[in-house]
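Inspection log for the structure reproduced underneath, given as structure tokens.
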Amino acid sequence: QVQLVESGGGLVQAGGSLRLSCAASGRTFTGYAMAWFRQTPGKERRFVAAISWSGGSTYYGDSVKGRFTISRDNAKNTVSLQMNSLKPDDTAVYYCAASSRGISYNDEPYNYWGQGTQVTVSS
């Protein structure tokens, strides 16, 4: 089992920045690809960003490219999402996820999920 706990969400004005963190515990963290998804009410979870187990490869959804940066620290069992130039459309609950089956842009392969953290961007 891997337990994931997100933090760092909140309310920010458009154009501002937030940094989300996800702390992992349980099984070996380094064996998992990690990702962030987000979800708004009534909609499916959507891919935001992912990072390989080594941190050597990163992937981003089209809507966040150039604004968000995913990173991980395997020594500290954490993964982070730096979000800059935030827009009201970025408002969502953000989820951290872990996959033992590699990176995917859809949520099915991800074995473990955090409880989510709310990000609200005001205009």
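The values are calculated or read from the model by the stated rules, or taken from the named source; none is laboratory data. On a predicted model such as this, the values are computed, not experimentally measured, just so you know. Areas reflect the complete protein model, heavy atoms only, side chains present, ligands, DNA and RNA absent. Shrake-Rupley method; radii C 1.70, N 1.55, O 1.52, S 1.80 Å.
Details
- What the phi angles of segment 108-123 give under the Karplus curve with 6.51, -1.76 and 1.60, with θ = phi - 60°, is a coupling list of 4, x, 7, 7, 10, 9, x, 7, x, 9, 7, 10, 10, 10, 8, 8 Hz, glycine and proline written as x.
- Note: relative contact order over the chain, using C-alpha pairs below 8 Å and six or more positions apart, is 36 percent.
- Amide H partners (placed H, <5 Å) of A49, local residues excluded: W36, G61
- Whole-Hz ³J(HN,Hα) from phi, Karplus 6.51 cos²θ - 1.76 cosθ + 1.60, for segment 76-89, glycine and proline x: 9, 6, 10, 10, 10, 10, 8, 10, 10, 6, 5, 10, x, 5
- Within straight-line cross-link reach of K43, lysines at Cα separation under 27 Å, skipping those fewer than 8 residues along the same chain: K65, K87
- Shown here are the Rg and Dmax of the Cα trace of segment 27-80, at 12.1, 37 Å.
- Where segment 36-123 is the region considered: accessible area per residue in Å², 1.4 Å probe: 52
- Dividing the convex hull volume of the alpha-carbon atoms in segment 1-121 by its residue count gives 89 Å³ per residue.
- For segment 1-107, the carbon plus sulfur part of the accessible surface works out to 46%, probe radius 1.4 Å.
- All Cα pairs of segment 60-123, percent lying beyond 18 Å: 44
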